[in-house]
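One structure below.
Only the coordinates and a few stated rules stand behind these numbers; no lab work does. Please read these numbers as outputs of a predicted model, since none were measured by experiment. FYI the Cβ positions are ideal-geometry reconstructions off the backbone, even for glycines, and counts take in every protein chain you see.
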Amino acid sequence: MGLTRDFFIALSKNQVLNSGAKKWGLKLGASKMVAGTDIDSMMKSVKELNAEGISATIDNLGEFVYSREEALAAKNNILDTLEAIQQHGVSAHMSVKLTQVGLDVDFGFCLENMQEIVAMAANYAIFINIDMEDYSHLQQTLDILEALLKEYDNVGTVIQAYLYRSEKDMEALRDVRLRLVKGAYKEIPDVSLQSASDIDSNYLKLIKNRLQLPVFTSIATHDHVIINEVKRFVKENDIPLNRFEFQMLYGFRSEMQKELAREGFNFTTYVPFGEDWYGYYMRRLAERPQNLNLALKSLVSK
Ligand code: FDA
């Protein structure tokens, strides 16, 4: 199990495979978890979700951006996606990773790119969520968010329940729209909880604290135990349904996604798309080796 996870994490970071995959189109079963390589196919998926009463948060996939040119190209792709959301009139917002728009190049350059993105989104009344990456980028991510919040209110970020500091970070962001997750990266014991049960307890604690505040929260998990406990908690405490939503990734537990929407919960699906699908897909296989069955089935059925 551990070996499989490390194996796929290593594959996700392989830059030769990452750049090769851009030329392959969606392969290895990736089309089950990535909504196409271009805006048209992604929009088709978003409209199908909307028809089920589900909104979307769109991620224009991108990895390993270490040059200004690549960061500017990624920013332009994001601006094109915002235009498309506006033109198609779909129910959707965007998720953006700061490393994709230049955080590893230069802090000020990344902030400028984000200002342009958030300004256009504000114009169209579209929310921008800044995804949280690994711990080495966390403080800079919060600093960029703080700078953006001075000018805009259509931006928020993610709190990872596995980090010791998250309770304090969440408190400092008590007026800001947040997504709460367990946390996806491999972090050292100095900064993060390591056992699944400790992470789950902290996750529930953060969710319950947060749901008592009159501010919007996204609870992003595929874990039915957590979801059932949240349902019980909101009922018991009369928490209004418009104060929160559930989120899951595209292609994961699709029936449960529709069922939660049918039950009357706000629901948003995280919809990744783009040529840079390879690293995202390998991380999903690392998280849940059962997904490998999907990949293998799609290989042998070709
Ligand atoms: P976890 O993987 O712990 O699963 C718990 C249990 O749920 C499993 O044991 C199984 O019983 C059940 N289960 C889970 N998946 C299932 C499936 N597909 N089918 C059937 N049963 C299943 N992370 C991060 O660090 N920064 C970020 O910005 C984000 N953003 C983000 C957005 C969205 C919309 C989601 C859903 C997740 C993220 N994450 C993230 C990832 C997150 O931190 C976490 O790594 C994954 O969601 C995996 O944890 P879960 O809470 O889903 O359950």
Over 27 Å (Cα to Cα) among Lys13/Lys182; Lys168/Lys231; Lys182/Lys231; Lys75/Lys208; Lys186/Lys258; Lys186/Lys208 -> Lys75/Lys208; Lys186/Lys258
Between Gln86 and Leu142, how many nm apart are label points set 7 Å from Cα along the C-beta direction? 3.3
Net charge around His222, counting only other residues with Cβ within less than 9 Å of its Cβ (Lys, Arg = +1; Asp, Glu = -1)? +1
Residue separation times 0.36 nm, minus the C-alpha to C-alpha distance between His224 and Lys150: what's the value? 22.9 nm
DSSP beta bridges in the stretch 35-276, what fraction antiparallel, as a percent rounded to 5? 5
Mind checking the full-extension length gain between Tyr124 and Arg174? Use 0.36 nm per residue of separation minus the Cα-Cα distance, one decimal, nm. 15.5 nm
Based on a Kirkwood Rh over C-alpha pairs, give the Stokes-Einstein translational diffusion coefficient of the stretch 35-276 at 4 °C and viscosity 1.567 mPa s in µm²/s. 71
At a Cα cut-off below 15 Å, give the aspartates and glutamates reachable from Lys47, other chains included and same-chain residues fewer than 8 away excluded. Asp38
Once phi is turned into θ = phi - 60°, what whole-Hz ³J(HN,Hα) does the Karplus curve with 6.51, -1.76 and 1.60 give for every residue of the stretch 31-38, x standing for Gly and Pro? 5, 6, 10, 10, 8, x, 9, 10
Projected label distance in nm at Arg253 and Glu52, using a 7 Å step from Cα toward the beta-carbon: 1.3
